[in-house]
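I have placed the structure first, in the form of structure tokens, so that the comments after it can refer back to it.
Throughout, read-outs are computed from the coordinates displayed, never taken from laboratory work. Quantities reported herein were computed from a predicted structural model and do not represent experimental measurements. Using ideal geometry, Cβ is built from the backbone for each residue, glycine included, and neighbour counts are taken over all protein chains shown.
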Number of protein chains: 2
Amino acid sequence: MKELEEKILEEGIVIGPNILKVDSFLNQQIDCKLIQQMGKEFAEYFKDKNIDKVLTVESSGIAPALATALELGVKCVFARKQQSLTTGDNVYHSSVYSFTKQVTNELIVSKNFIKEDENVLMIDDFLANGQAAKGMVALVRQAGANPVGFGIVIEKSFSDGRSVIENEMGLEVYSLARIAKLEDGKITFVEE
Amino acid sequence: MKELEEKILEEGIVIGPNILKVDSFLNQQIDCKLIQQMGKEFAEYFKDKNIDKVLTVESSGIAPALATALELGVKCVFARKQQSLTTGDNVYHSSVYSFTKQVTNELIVSKNFIKEDENVLMIDDFLANGQAAKGMVALVRQAGANPVGFGIVIEKSFSDGRSVIENEMGLEVYSLARIAKLEDGKITFVEE
């Protein structure tokens, strides 16, 4: 997605080995028009897959997931990373190690919101090593629902997340921006 | 907002003294069409206030804040409740006690995303005792920006949050649903 690549080049900051900061339009401040375009892109790509629901993980996945679900005319659900007082025990859960935050999070979603046989599109802000993706698919499979594929805003193509999703899980990935290299403060996209 | 009140009566669950669970359309599963209508309502109400930015708190505030910002044609920003590796030190922060989660959270927002003299509309999913509202206003004031008022999805009018915002802080509150009582599993709205 050309507008996204331009935005990443303009505002993205390489803050360490393989870490890209895009807080100015995705991870803390949200560029709503750009998010809306992302939603249209994902919805267009997956429009023939009979999507029943969009699943994401709090917090940065919520905006692109909502934009996508709105375009598809379905509900979206966000898995939580910690239990709240109102969550209750009726939940699916899986464990995910976060490279960026250097912690293991529990992903939790109520059993009421992913139903057997639903076709679930998963949306996330980043794809790196595929750990979050595995955790999301585990939730969908616990529910007896069908994981359809992944819509990813920014793919770190130098990590093996795409291979994990395509080869280990046999699912499709559609990424709006694919980063080949993050080196010496420079961002290089995969040439397609 | 009539559609919201109907949804609360249909799907809201009173799970304890003064605790309302609306996970099925707001706090975990998101009814995107309803969220879009909320955004239109908030944008219409505050349209003459020259809003430059919408501020909310992760995670449940993000959807209604995004919908509102999209209608107003501005960016939205969500304060985080804990530090992440990419947050850095260049932040405003304030402390908030969460009644629902029974913890004190630090609200953190990058100094890059609230600017001096910006008119900031604050959006949140619930208003109860006004603690989160105080924390959000503290962030805006640290930035030298102007807190314009609050758009609240569900106000617990039996708590003193509205009084805190109107009387202590001198700001306006617009709530889409105002709950007078949560007793014996029954939800009663404020009659207006």
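Quick check: from the Cα gyration tensor, does the range A:1-59 come out rounded (a/c under 1.5), prolate or oblate? Prolate, since a/c reaches 1.5 and a/b exceeds b/c.
Quick check: the angle from helix A:2-11's long axis to the longest principal axis of chain A, C-alpha only, nearest 10 degrees? The helix A:2-11 is inclined about 70 degrees to chain A. The mean count of C-beta atoms from other chains within 10 Å of the C-beta of residues in B:18-31, rounded to a whole number, is 5. Estimate the FRET efficiency between B:Tyr45 and B:Ser163 by the formula 1/(1 + (r/R0)^6), using the beta-carbon distance for r and 25 Å for R0, to the nearest 0.05. Efficiency, from the Cβ-Cβ distance: 0.80. Computed over neighbours whose Cβ is under 13 Å from that of B:Ala143, the net charge equals 0, Lys and Arg +1, Asp and Glu -1. Extending 7 Å from the Cα toward the beta-carbon at both B:Asn90 and B:Lys186 defines two label points whose distance is 5.6 nm. Computed over chain A with a Gaussian network model linking Cα atoms closer than 10 Å, the most mobile of A:Gly144, A:Gly61, A:Gly161 is A:Gly144. Other protein chain C-beta atoms within 10 Å of residue C-beta, averaged over B:66-76: 5.
Can you sort A:Lys81, B:Lys53 so the residue with the fewest Cβ neighbours within 10 Å comes first? Before the final figure, lay out each step's value.
Working: A:Lys81 17, B:Lys53 23.
Ascending Cβ contact count within 10 Å gives the list A:Lys81, B:Lys53.
Seen against the Cα atoms of chain A and their longest principal axis, helix A:131-142 is set at about 20 degrees.
Starting from one equal scatterer on each C-alpha and no solvent at all, send me the Debye-based log10 I(q)/I(0) for the protein assembly as shown at q = 0.10, 0.12, 0.13, 0.15 Å⁻¹, two decimals. Values, matching the q order: -0.61, -0.89, -1.06, -1.43. Placing +1 on the Cβ of every Lys and Arg and -1 on the Cβ of every Asp and Glu, with no other charges, gives the protein assembly as shown a dipole of roughly 560 debye about its Cα centre. The ranking of A:Phe189, A:Phe78 from fewest to most other beta carbons within 10 Å of each one's beta carbon is A:Phe189, A:Phe78. Expressed as a whole percent, the proportion of Cα-Cα pairs in chain B lying more than 28 Å apart is 20%. Working from Cα pairs under 8 Å separated by at least six residues, relative contact order for chain A is 19 percent.
Fully extending the segment from A:Glu6 to A:Asn112, taken as 0.36 nm per residue of separation minus the present Cα-Cα distance, adds 34.2 nm. Checking every one of the chymotrypsin sites (Phe, Trp or Tyr not before Pro) in the range A:15-63 against DSSP loop status and a limit of 16 other Cβ atoms within 10 Å picks out no site at all. Ignoring lysines fewer than eight residues from A:Lys40 along the same chain, the ones with Cα atoms less than 19 angstrom from its Cα are A:Lys2, A:Lys7, A:Lys49, A:Lys53, A:Lys75, B:Lys33, B:Lys75. Would you mind checking the tilt of helix A:32-45 against the longest principal axis of the Cα atoms of chain A, expressed as 0 to 90 degrees and rounded to 10? Taking Cα atoms only, the helix is inclined about 70 degrees. Shielding of peptide B:58-64 by partners, expressed as the average count of other chain Cβ atoms within 10 Å per residue Cβ, is 6. By the count of other C-beta atoms within 10 Å, a proxy for reagent exposure, B:Ile35, B:Ile187 are ordered fewest to most as B:Ile187, B:Ile35.
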